[in-house]
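Step one of this worksheet: look at the structure below.
What follows draws every value from the coordinates through simple rules; no lab data is involved. It should be emphasised that the depicted structure is a prediction, and the values quoted were computed from it without experimental measurement. Every residue, glycine among them, receives a Cβ derived from its backbone with ideal geometry; neighbour counts consider all protein chains shown.
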Amino acid sequence: MSVFDFVKSVGVKLGLVDEEKAPDAEELKKALESHSLGTEKVDVKVEGDKVILSGEVKDQSIFEKAIVAVGNTLGVSKVEAAELKVAEAPAKDPVFYTVKKGDNLWKIAEAHYGKGKGDKHTLIFEANKPMLTHPDKIYPGQVLRIPELDE
């Protein structure tokens with residue numbers, strides 16, 4: 001899987017962007033770099049409302065965070081990452097979740113990890129830092145990465 005869907009009409013607004021259009025590649029690259037994820041070797045290209053990421057990142061976590069960081073931008077509906085490579089190993093298919101009205105991280109954790117595992121919500125929060133600054137500040141349409149449990 002290399003193309004990921006996002007909600008075009010929600011997300012972080014970069015500059016004076018028209019809500020109907022995706023931001024330009026340079027703005028997205030600056031926004032991606034502002035998170036200090038280790039995406040210096042990532043190239044960003046924009047085709048319509050689709051963002052294409054290529055280059056190399058150090059690990060799976062950075063791969064997934066890069067996709068979420070650009071995808072949760074106002075005007076972006078798809079992120080293609082077929083050409084984005086993980087240095088340590090081949091990239092695995094990430095698990096993403098689109099937030100619905102009434103969701104919170106506890107509910108999302110129980111839905112993905114099983115009943116009684118809502119306390120794993122902190123893993124989801126940590127997996128989405130620095131894009132998430134507070135566990136209660138999620139919004140409908142936002143896409144979150146769901147990390148695997150180390151059990």
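If amide hydrogens are placed 1.01 Å from N in the peptide plane, which non-local residues have theirs closer than 5 Å to the one on V42?
Distant-sequence amide H within range of V42: E56.
Report the residue, chosen from G38, G102, G141, that carries the largest GNM mean-square fluctuation when the chain is represented by alpha-carbon nodes joined by springs under 10 Å.
G102
Comparing A69, A89, A109, which has the greatest mean-square fluctuation in the GNM of the chain with Cα pairs linked when under 10 Å apart?
Comparing A69, A89, A109 in the GNM, the peak value goes to A89.
I'd like the orientation of helix 25-34 relative to the chain: the angle between its Cα long axis and the longest Cα principal axis, in ° from 0 to 90, rounded to 10.
40
Looking at region 1-94, which trypsin sites (Lys or Arg not before Pro) are in a loop (DSSP not H, G, I, E or B) and have at most 12 other Cβ atoms within 10 Å?
Those that pass, being in a loop and sparsely packed, are K13, K92.
Once you order the gyration tensor axes a ≥ b ≥ c over the Cα atoms, which shape class does region 96-145 get: rounded for a/c under 1.5, otherwise prolate or oblate by comparing a/b with b/c? Mind dumping the intermediate values first?
On the way: a/c = 1.75, a/b = 1.26, b/c = 1.39.
It comes out oblate by the Cα gyration axes.
Given charges of +1 on the Cβ of Lys and Arg and -1 on the Cβ of Asp and Glu, with all other atoms neutral, how large is the dipole of the chain about its Cα centre, in debye to the nearest 20? It would help to have the intermediate numbers written out before the result.
Numbers: 22 positive and 27 negative charges, 84 e Å.
That gives a dipole near 400 debye.
For the chain, what's the relative contact order in percent, using C-alpha pairs closer than 8 Å and at least 6 residues apart?
Details: 286 pairs, mean separation 39.3, N = 151.
Relative contact order of the chain: 26 percent.
Return the single residue from E110, E88, E56 with maximal mean-square fluctuation; model: Gaussian network over the chain, springs between Cα atoms under 10 Å.
Of E110, E88, E56, the Gaussian network model singles out E88 as fluctuating most.
What are the principal axis extents of the Cα atoms in region 3-86, in Å, biggest first?
Result, largest extent first: 33, 23, 17 Å.
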